[in-house]
1. Expressed as a whole percentage, what fraction of the accessible surface of segment 92-234 belongs to carbon and sulfur atoms when a 1.4 Å probe is rolled over the protein heavy atoms?
2. Restricting attention to the alpha-carbon atoms of segment 153-242, what are Rg (one decimal) and Dmax (integer), both in Å?
3. Show which aspartates and glutamates lie in cross-link reach of LYS34 when reach means a straight Cα distance below 16 angstrom and same-chain residues fewer than eight apart are skipped.
4. Hey, rough spin-label estimate for ALA169 and ARG197, points 7 angstrom out along Cα→Cβ, what's it come to in nanometres?
Amino acid sequence: MGSWWSSTSTSSSSSYKDQSWEEAHDPKPVPQRKRPDEVRIGVVGDPGAGKSTFINSVRGLRPRDPGAARVGLTHTTAEPTEYPHPDLPDSLVLVDFPGVLLRRHAGRYGDFNIGQYLTEFGSYMRSCDVFLVFCRGRIEHNPISIAMAAYRMGKKVLFVRSQFDKDVADKENDDPEYFDDKCSVHLMEELRQDYIRVLREVGWPRDVREDEVFIISGRLEYVTQDMWDVLELKMAIFGQRV
């Protein structure tokens, strides 16, 4: 199967394969760490994928609490924004990245362009140690393009399907007999294996392990209860710090 970057881009001019991300240069300096042992977690994904919701929930915050990341049905993140973890403010920082970058040209807004994204945010990406790639459901082109750039920078990349509560509700509605002899754990594993299969088919440069794909809901009530893969995701990000 051909590489996804060359076969499914929205236009020939925005093909990921044709754009040499190495040529994109962000002239801004790389943000400095407050301490040598500071861990910086980049969070990327399309708008509405639940990035900001998770960033709030993992810090124990609701959207209107002081210091919470903005959430909403419209674009809420225009620049990389740092959110220190309240328990480890000097050594653990989550960085909320914009999901897409569209610039007006020729009287309209253009398609997502990974080279342009890196020109804007590449320095911030280089400052991060780990990237969480959020998709609300099926794997989407834009966040995986950003994830590929992070991988080529030598960063650790983890994949998060972030609205499993809705997945369960949809399954109950669309296939009510599914849960007669199965439970949510079975659905999680089916979705995890599908993620791994699709990433392989679209040309991810190596096999993705099962422990690199997390099925969660980022809503506060599920994160505080460590539902589904939340605890595993916390441990993968923070190790023994959580």
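The values are calculated or read from the model by the stated rules, or taken from the named source; none is laboratory data. Every value quoted in this text rests on a predicted model; they were computed, and no experiment measured them. Cβ atoms come from the backbone with ideal geometry, glycine included; neighbour counts cover every protein chain shown. Please note that ligands, DNA and RNA were not included when accessible areas were found on the heavy atoms of the full protein model with its side chains. Shrake-Rupley method; radii C 1.70, N 1.55, O 1.52, S 1.80 Å.
1. Working: 2870 of 6440 Å².
Within segment 92-234, the accessible surface is 45 percent carbon and sulfur.
2. Looking at segment 153-242, its Cα Rg and Dmax stand at 14.4, 46 Å.
3. Qualifying aspartates and glutamates at Cα under 16 Å: GLU82, ASP87, ASP90, ASP129.
4. Reported label-point gap for ALA169 and ARG197 is 2.7 nm.
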